[in-house]
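Down below is the structure, laid out as C-alpha cells.
The values are calculated or read from the model by the stated rules, or taken from the named source; none is laboratory data. Every value quoted in this text rests on a predicted model; they were computed, and no experiment measured them. Every residue, glycine among them, receives a Cβ derived from its backbone with ideal geometry; neighbour counts consider all protein chains shown. Keep in mind that these areas ignore ligands, DNA and RNA; they rest on the heavy atoms of the full protein, side chains included. Shrake-Rupley method; radii C 1.70, N 1.55, O 1.52, S 1.80 Å.
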Amino acid sequence: LDPNLVKVTRRHDGYALYFSRHPIPYIRDVEKKNGSKSRQFWGHIGLYGYRREVLCDYHLLPKSDLEEAEKLEQLRFLQAGKSIFTFVTQHYPISVDTQTDLEQVRVRFQ
C-alpha cells in the first residue's frame, strides 16, 4: 500500500499496461483488508534503457494527465502509445525515496 513503491500491471507478453502508486488492479469483490492477499501484485523497479532519439523526443510528447496525477513520468510514454517492456526479478534493491529509507540504508552500511 506504500505510495512510494510504484506498482505495475503487465500484459501477458511482459509489456506494461499501467503504473500506479496504488495497488493495481483494484480488486472489486474482495474486502479492502484482504485485497492484497487475493492476487499477486507487481512492484516496479525503475531501470530504463532508451535509444538516444527516444530521449531527444521525450519533451515533444504531450504532457500526460496520468503522469501529472500519479507523478510518474513513464505514464507519458504509455499515454503517447509507446511501449515499456518489463521483466520479473527476484532481486529486491535498496530504494531511497524517503527519509525513513535513507535512515534504514545508513544503518545497513554502518
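As a test of the formula, what do you get for the chain when each DSSP H run with n ≥ 4 contributes -39,500 (n - 2.57) and the sum is divided by the residue count, at 222 nm and rounded to the nearest 500 deg cm²/dmol? Mind dumping the intermediate values first?
Values: 4 runs with 28 residues, N = 110.
Calculated from helices alone, the mean residue ellipticity at 222 nm is -6500 deg cm²/dmol.
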Open item on the list: When a/c reaches 1.5 or more, the comparison of a/b and b/c decides; with that in mind, is the chain rounded, prolate or oblate per its Cα gyration tensor?
Closed with: oblate
- [ ] Report the residue, chosen from L72, L61, L47, that carries the largest GNM mean-square fluctuation when the chain is represented by alpha-carbon nodes joined by springs under 10 Å.
- [x] L47
Task: Within the range 1-103, GluC sites (Glu not before Pro) in DSSP loop having at most 10 other beta-carbon neighbours inside 10 Å - done: E31
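Taking the Cβ of P3 as the center, what net charge do the other residues with Cβ under 15 Å away carry, scoring Lys and Arg +1 and Asp and Glu -1? Don't skip to the answer; put the middle values down first.
Values: positive: K7, R21, K71; negative: D2, E70, D97, D101.
Here the count lands on -1.
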TODO: Using a Gaussian network model of the chain whose springs link C-alpha atoms within less than 10 Å, name the residue from Q90, Q74, Q40 with the highest mean-square fluctuation.
DONE: Q90
TODO: Determine the order of R51, R21, R76 by accessible area, beginning with the largest, at a probe radius of 1.4 Å.
DONE: R51, R21, R76
Open item on the list: Within the chain, how many Lys pairs that are eight or more residues apart, or on different chains, come under 29 Å at the alpha-carbon?
Closed with: 12
